[in-house]
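Peer 1: What follows is a single structure, and I will ask about it in a moment.
Derivation of every value follows stated rules applied to the coordinates shown; laboratory data play no part. Quick caveat: nothing in here was measured; it's all calculated off a predicted structure. Glycine gets a Cβ as well: all are built from the backbone with ideal geometry, and neighbour counts include every protein chain shown.
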Amino acid sequence: MASLAVNVDHVATLRQARGAAYPDPVAAAVIAELAGAEGIVVHLREDRRHIQDRDVKILRKVVQSKLILEMAATPEMIGIAFDIQPDIVTLVPEKREELTTEGGMDLMVHQNAIAETVETLQNSGIPVSIFIDPDPDQIKLAYQINASMIEIHTGAFCDAKTGSKKNQAFAMIVDAVKFAHKLKMGVNAGHGLCYNTIKDFTGLSEINEFSIGHSIISRAVLVGMENAVKEMRSLIRDL
Ligand code: PXP
């Protein structure tokens, strides 16, 4: 059964919108864990638009399950990862002008820099996942640079506007997941997943973990964090 890692970035987005002390992503993480989340994800962005350094430090002390730090492969972030010692680092591409992480890491372009970051972090005992598009060439490169696992970008599937585009995007995810699994890589999936799109993953048991943020935090505004996490947890359990 796949596990659920809850991304609490958007609790921090709401806090930063007013420059207030609330809502606290740390509180959201605690409730998410109590409701069954098997991991807590935060993306410490270079521009600190949502999650702050203070959040990551406190989360490291508070999170009981698994703290997954999403970050760009920059010297600053590598230093923070060394200090914090998250359970897993997920390397993501980062552009200042984007609303959210738009595409997967392009390992054709960044292979050497990413390989060096993977080696540095993994040699220090932090397993590394690389966020990539469902593309066999990218998976081969992630395998070659010895990443412990990959996270398949599900955004194109979730955002597809027509049935045929959705089917096409999903077929790419299925092929990518099966290919990575064959290579004995850990396979996670995430981005844009919601309470409807998650149901399409029924039977795709090679996925170890789903990383979900925006839809859960949005639902939590209406039904509460505990209910929002429990509902998603139960949908994943039934896949
Ligand atoms: N996985 C990665 C690598 C991400 O960058 C994000 C967004 O921060 C997510 C998963 C979660 O995406 P969403 O918030 O759309 O569920």
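Peer 1: Averaging over all projection directions, find the projected area of the Cα convex hull of the chain and quote it in nm² with one decimal place.
Peer 2: That works out to 12.1 nm².
Peer 1: Right, here's the next one. Report ³J(HN,Hα) in whole Hz for each residue of the range 8-25, in order, from the Karplus equation J = 6.51 cos²θ - 1.76 cosθ + 1.60 where θ = phi - 60°; Gly and Pro get x.
Peer 2: 9, 3, 7, 5, 5, 4, 5, 5, 5, 4, 10, x, 8, 8, 10, x, 8, x
Peer 1: Considering only the other residues whose Cβ falls under 10 Å of the Cβ of Asp87, what net charge follows from Lys and Arg at +1 and Asp and Glu at -1?
Peer 2: Cβ neighbours under 10 Å give a net charge of +2.
Peer 1: Nothing charged except the Cβ atoms of Lys and Arg (+1) and of Asp and Glu (-1): what's the magnitude of the dipole of the chain about its Cα centre? Round to the nearest 20 debye.
Peer 2: 560
Peer 1: Can you work out ³J(HN,Hα) from phi for every residue in the range 36-51, in order, using Karplus 6.51 cos²θ - 1.76 cosθ + 1.60 and θ = phi - 60°, giving whole Hz and x for Gly and Pro?
Peer 2: Working through the residues one at a time gives x, 5, 9, x, 10, 10, 9, 10, 7, 7, 4, 8, 6, 6, 10, 5 Hz.
Peer 1: Show the residues, 5+ positions off or on another chain, whose built amide H is closer than 5 Å to the amide H of Ser3.
Peer 2: Glu209, Phe210
Peer 1: On to the next question. Using the Karplus curve 6.51 cos²θ - 1.76 cosθ + 1.60 with θ = phi - 60°, what ³J(HN,Hα) values do you get for each residue of the range 150-157, in whole Hz, with x for Gly and Pro?
Peer 2: 10, 10, 7, 6, 9, x, 4, 5
Peer 1: Collect residues whose amide H, placed 1.01 Å from N in the peptide plane, falls under 5 Å from the amide H of Glu151; neighbours closer than 5 in sequence don't count.
Peer 2: For Glu151, whose amide H was placed from the backbone, the distant partners under 5 Å are Ile130, Phe131, Ile132, Asn188.
Peer 1: Now for a separate question. With r defined as the distance between the Cβ atoms of Lys178 and Gln111 and R0 fixed at 22 Å, what FRET efficiency is calculated, to the nearest 0.05?
Peer 2: Using R0 = 22 Å, I get an efficiency of 0.40.
Peer 1: Please return the longest range in the chain lying between exposed loop sites, taking GluC sites (Glu not before Pro), DSSP loop only, at most 14 other beta-carbon atoms within 10 Å, and leaving the sites out.
Peer 2: By the stated rule (loop sites, at most 14 other Cβ atoms within 10 Å), 103-239.
Peer 1: If Rh is defined by the Kirkwood formula over all Cα pairs and Rg also comes from Cα, what ratio Rg/Rh do you get for the range 1-89?
Peer 2: With Rg and the Kirkwood Rh in hand, the quotient comes to 0.95.
Peer 1: Another question about this same structure. Rounded to the nearest 500 deg cm²/dmol, what is the calculated helix-only ellipticity per residue at 222 nm for the chain, with -39500 (n - 2.57) per DSSP H run of length n ≥ 4?
Peer 2: -14500 deg cm²/dmol
Peer 1: Okay, moving on. Any idea what the relative contact order of the chain is, in percent, if you count C-alpha pairs under 8 Å spaced at least 6 apart?
Peer 2: Reported relative contact order: 21 percent.
Peer 1: Please list the three semi-axes, largest first and in whole Å, of the ellipsoid equivalent to the range 163-239, using sqrt of 5 times the eigenvalues of its alpha carbon gyration tensor.
Peer 2: So the three semi-axes of the range 163-239 are 24, 14, 10 Å.
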